[in-house]
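The structure under discussion appears below in the form of C-alpha cells.
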Amino acid sequence: MPVNAYEVRGLTKVYAGRKQPANIDVSLDIRSAELFCLLGNNGSGKSTLIRQLACLVKPSAGRIFFFGKDAVRHAQEVHERAGYMPQTGFSLGHLTVSEAVYFSGRLRGLTRRDARRDRDEIVERFGMGRVVKDVSQRLSGGQRRLVQFALCIAGRPDVVILDEPTNDLDAGRRRLIWDVCADLKHDTGSTIVLVTHDVAEAERVIDRVAIMREGRVAGVGTPAELRRNVEERLCVRVMAEARPASTWEWSEPERGSWLTYVHPCELPDFMASLTPEQLGNVRVEPVGLRYLVNKWQAADQGRVLGGVVS
Ligand SMILES: Nc1ncnc2c1ncn2[C@@H]1O[C@H](COP(=O)(O)OP(=O)(O)OP(=O)(O)O)[C@@H](O)[C@H]1O
C-alpha cells in the first residue's frame, strides 16, 4: 500500500497566552497524490493545522507523520519536500520574478539547467512574461499572489500546501490556479493540501475534504460521502430575469441564475409551481460542496463522520 503523505494523530495546538486550543485532538490521513481541502468557518483552526503540516509551528501534543517519518524530528526534510504558500505575506520580494522562481527551483534540488527550464515553463503558463524582470514586491497584489504560488510549486515539490491561494485573484487567474493544481497532481503525483473559501470553484479538483469546526475535525470524506451524510436535497437552478414566483427560498449567486434546494419528494410540487418559460430553463443537480459544508457546520457538535478517516 502506498505510504500516506501525512498521518496526523491526536494533534492539539495551544498558542502561547491563549486558553482555547486552536486545534483539538485532530486525527486524519492525507493520501499521497490526492487534493485534500480543509474547509470551515473563520477561526476554526485550518491555517494552524496546515502550518503544523508545513513544520512552521510545533504541535502542543500529538504527532504528525510525513511519508511515514515523524515530521517534527525531520522538519528539514519537510521544508525541502513541501512547498507552502501562506495566506498573507511575501517571500523573496527583493528578487525579480525570474530570479525568485529560478532560486526556488534550485532550493528544491533542481540543476541550473532544470531550474531555468522549470522557470520558463512556469512564466509561460502563468502569463508572467511581461513582469518577469520586475522586482516582485513592486507588482500588484494579484500578481504578487500569483508569484507566491509560482514559488510554492517551482521544482514540483512532493507536497504543495496552499492557504487561500486564490485570494485577491481575478476569475481567470483563479481558474489557472485550480488547473495547475489538477495538473500537478496528475502529472507529478504531488499531494496538495488546500485551505480555501472558494469552495464552489475548487470543487472540481478536490478529492477529499475535512470540515473543521472550533479546532476539531467535524467530518472527513469525499464530496459524495459527505453528500450521503447530510439531509437529502437537490439543487435546482432556474435561469430567469426575475425571481421565480414560488414559495421556495431563492438566492441569486450570479445575475439571472436563481438557486433553491428541494427535497426529492417535493420535486413534482416544485415543478408544478414554475411557469412554462421557467420550466424550459430549469436544471436539477446534486447539491454543491458549499451547501454540504454549511449543513455540516450547522449539525450537532457530536456528529463526526468516521474517526481517523483515511
Ligand atoms: N500566532 C497566533 N497566536 C495566537 N493565536 C493564534 C495565532 N494564529 C491563530 N491563532 C488563533 O487560533 C485560532 C485558529 O486560527 P486559524 O488562523 O488557525 O483559523 P482559520 O480557520 O485558518 O481562520 P481563517 O479562515 O479566518 O483564516 C483563532 O482563534 C486565532 O485567533
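The values are calculated or read from the model by the stated rules, or taken from the named source; none is laboratory data. Predicted, not measured: the structure shown is a model, and the values here were computed from it. Cβ coordinates were reconstructed from backbone atoms using ideal geometry, including for glycine residues, and neighbour counts include every protein chain displayed. For the accessible areas, the whole protein counts, side chains as well, though only heavy atoms, and no ligand, DNA or RNA atoms are used. Shrake-Rupley method; radii C 1.70, N 1.55, O 1.52, S 1.80 Å.
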Tell me, which residue of the range 35-56 that is farther than 23 Å from TRP296 by Cβ and open to solvent by 30 Å² or more (accessible area, probe 1.4 Å) is nearest to the ligand (Cβ to nearest atom)? ARG51
How many of the residues in the range 24-34 are surrounded by 23 or more Cβ atoms within 10 Å (Cβ to Cβ) and either more than 14 Å from the ligand (Cβ to nearest atom) or at positive phi (or both)? 1
Collect the residues in the range 1-23 that are open to solvent by 50 Å² or more (accessible area, probe 1.4 Å), within 8 Å of the ligand (Cβ to nearest atom) and not hydrophobic (A, V, I, L, M, F, W, C), keeping them in residue-number order. TYR15, GLY17, ARG18, GLN20
One residue from GLY89, GLY109, GLY93, GLY127 being without any contact (Cβ under 8 Å) to a residue 60 or more places away in the chain, in contact with an Asp or Glu (Cβ under 9 Å, 6 or more places away or on another chain) and not β-branched (Val, Ile, Thr): GLY109
What's the number of the only condition in (1) assigned to a loop (DSSP other than H, G, I, E, B); (2) on the phi > 0 side of the Ramachandran plot that GLY10 fails to meet? (1)
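Of all strands (runs of 3 or more DSSP E) completely enclosed by the range 153-223, which ones contain at least 2 residues that are open to solvent by 10 Å² or more (accessible area, probe 1.4 Å)?
The strands (runs of 3 or more DSSP E) meeting that bar are 216-221.
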Identity of the residue in the range 246-260, at pLDDT below 85 and surrounded by 12 or more Cβ atoms within 10 Å (Cβ to Cβ), that ends up nearest to the chain's Cα centre (by Cα): TRP248
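A quick yes/no check of all residues on (1) more than 30 Å from ASN42 (Cα to Cα); (2) in contact with a helix residue (DSSP H, G or I) (Cβ under 7 Å, 6 or more places away or on another chain):
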| site | (1), (2) |
| --- | --- |
| ARG112 | yes, no |
| VAL132 | yes, yes |
| GLN148 | no, no |
| VAL160 | no, yes |
| ASP163 | no, yes |
| ILE177 | no, yes |
| ALA182 | no, yes |
Only one of (1) at pLDDT 95 or above; (2) surrounded by fewer than 16 Cβ atoms within 10 Å (Cβ to Cβ); (3) more than 16 Å from the ligand (Cβ to nearest atom) does not apply to HIS94, and that is (1)
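Within the range 63-70, identify whether any single residue is farther than 18 Å from ARG31 by Cα and within 16 Å of the ligand (Cβ to nearest atom), and answer yes or no. Please lay out each step first, then the result.
Going residue by residue through the range 63-70, those that are farther than 18 Å from ARG31 by Cα are none.
Looking through the range 63-70, none of the residues is farther than 18 Å from ARG31 by Cα and within 16 Å of the ligand (Cβ to nearest atom).
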Matching residues in the range 97-137 - criterion: being more than 21 Å from LEU176 (Cα to Cα) and open to solvent by less than 30 Å² (accessible area, probe 1.4 Å): ALA115
